[in-house]
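See structure below.
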Amino acid sequence: MSDGKFPENFLWGTATAAHQVEGGNHANDWWAWEQVRGHIKNGDRSDPACQHYERFASDFDLLRSLHQNAHRLSVEWSRIEPAPGEFSATALTHYRDVLQALRDRGMEPMVTLHHFTNPTWISTLGGWESPQTAEYFARFAERVTDELHDLARFWITINEPTVVAYQGYVHGEWPPGKRDFGAALRVVVTLIRAHWLAYERIKRRHPQLQVGLAHHLRIFDPSRWFAPQDRAVAAAFTRVFNETVLRSLREGRLVFPLRRNGKVSGPRQSQDFIGLNYYTRELVKFNHRYRAELFGQRMLVEPALRSDLAWELYPEGLYRTLMELRREQLPIYVTENGIADRDDARRPEFLLTHVRAMLRAIHDGSPVRGYMHWTSFDNFEWAEGYSAKFGLIACDPATQERRVRSSGRLYAEICRSNHVPATVELPPARQTAESGGPTDLR
Ligand code: FCB
């Protein structure tokens, strides 16, 4: 620990998602959602984003020059399968070129098959509320891995199933904009089935591939440690949001609170690795008015370091989560971790403290094999549009100019040396009074 050295062959990179960086994705549910006034901050739209669809080669040159040896990206379902069962040779060739470009630069690709967007034809057929979507997704996953298996070893079926369900079906701020807890549970069930089916098909045809899922895990602590009701709601949030999907995948059956959705089952141990997206923690307080959210009101910690989106900087949470995940007995990749910080004032500290927390977890027995910072370039941050700046590299959508931030250079040094400076101290965990509440669960 004291020498700050990471294990050999550790993967260092950044993560992106097709819709957030590519531009020109007009055939999915997000593009349709963006056209409605009020859905996206400042009326922003995902075109042009970073024009990464055209600029991927020079973008990868830049990332490689910053010593990254891996890269997580997603393929866009609506480009590859624009109509049911019709696969686009052009799109598949494009993604071949993208993955080949990574390989040529010595960067290990990690490919996500579903990162929030659905082809319009899927949303027309009911999206994730329709059980049939699991079968459509598995067919897509099979086709893509058949075409590209020789270029990528790591495959992530689905990004953050619980976030898809919460943002789209409880909070209603993302497509399809519903507020219906029962529908959210059904959506999680279909997403789990989609993973099971895809996992089985991919592994049957390409057993050498490493297949996992990216879990968004968040720390939920009771707002008042002494209040049993707060502890109960924090435990319920942890159970539902952090543990349900992991346990279902481990056991090959749906666990509470999904069980009432019929006798659905799948293979046991259907992950070859754990993908972890970690950002922050929230304090939860019992409030009888928050019935739709399991009676938990989520509070902000005051005074704590926060991102531009008011997410608490809580590196200790990464350590706690990585230690918890030891129980899965699988290799772990941090598939996302980052901060919205327009001025790059806090990102360097965020980076150092989180990387250091990760190293501490490795020394304490957590099998972490790689870290993908969210994200390379400022991009289209869903409902926040271009206002939330998560990039190690600034990217102006109007000029498409890329500018490496100080934190980007700091990260380059970590990647180059496979080492984090030993002198950085983790800030003490702050746990104080409350004010207002955050609005989304990501
Ligand atoms: C995660 C998403 C990613 C990005 C970051 C900030 O939940 O997977 O696309 O929006 O949050």
#### Entry: Within the accessible area of the range 11-440 (1.4 Å probe), percent carbon and sulfur
50 percent
### Query
To the nearest 500 deg cm²/dmol, what mean residue ellipticity at 222 nm is calculated for the chain from DSSP H runs of n ≥ 4 alone, each contributing -39,500 (n - 2.57), summed and divided by the residues?
-11000 deg cm²/dmol
### Query
Taking 0.36 nm per residue of separation and subtracting the Cα-Cα distance, what length does fully extending ALA345 through GLU8 add?
118.2 nm
### Query
How high is the relative contact order of the chain, in percent, with contacts defined as C-alpha pairs under 8 Å that are six or more residues apart?
19 percent
### Message
Could you order the peptides 355-364, 113-122, 401-410 from most to least packed, using the average number of other C-beta atoms within 10 Å per residue?
### Response
113-122, 355-364, 401-410
### Listed peptides 187-194, 309-316, 200-207 by packing density, highest first (mean Cβ within 10 Å)
187-194, 309-316, 200-207
### Query
Over the range 1-83, what is the mean sequence separation of C-alpha contacts under 8 Å (at least six apart), divided by residue count, expressed as relative contact order in percent?
44 percent
### Task
Counting only heavy atoms of the protein chains, get the accessible area per residue of the range 11-440 (1.4 Å probe) and round it to a whole Å² value.
37 Å²
## Note on the structure
Distance in nm between GLU200 and LEU305 label points, each 7 Å along Cα→Cβ, equals 4.7 nm
### Query
What length, rounded to one decimal in nm, is gained on full extension from SER58 through to SER417, with 0.36 nm per residue of separation minus their alpha-carbon distance?
126.9 nm
### Task
Find the relative contact order for the range 266-419 and round it to a whole percent, using C-alpha pairs within less than 8 Å whose residues are 6+ positions apart.
20 percent
### Message
Sort 292-298, 251-257 by the packing proxy (mean of other Cβ within 10 Å over each peptide's residues), most packed first.
### Response
292-298, 251-257
### Spin-label model distance (nm) - GLN132 vs THR93, 7 Å beyond Cα toward Cβ
3.2 nm
### Message
Test of understanding: what is the full-extension gain from ALA32 to GLU251, defined as 0.36 nm times their sequence separation minus their Cα-Cα distance?
### Response
75.1 nm
## Note on the structure
Shape call for the chain, from the Cα gyration tensor axes a ≥ b ≥ c (a/c under 1.5 means rounded, otherwise prolate when a/b beats b/c, else oblate), comes out rounded
### Query
Computed FRET efficiency, Cβ-Cβ of ALA394 and LYS263, R0 51 Å: what is it to the nearest 0.05?
0.50
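The values are calculated or read from the model by the stated rules, or taken from the named source; none is laboratory data. Since the model is a prediction, treat every value here as computed from it, not as a measurement. So basically every Cβ, Gly included, is an ideal-geometry build from the backbone, and we count neighbours across all protein chains shown. The area values use the complete protein model at the heavy-atom level, side chains included, leaving out ligands, DNA and RNA. Shrake-Rupley method; radii C 1.70, N 1.55, O 1.52, S 1.80 Å.
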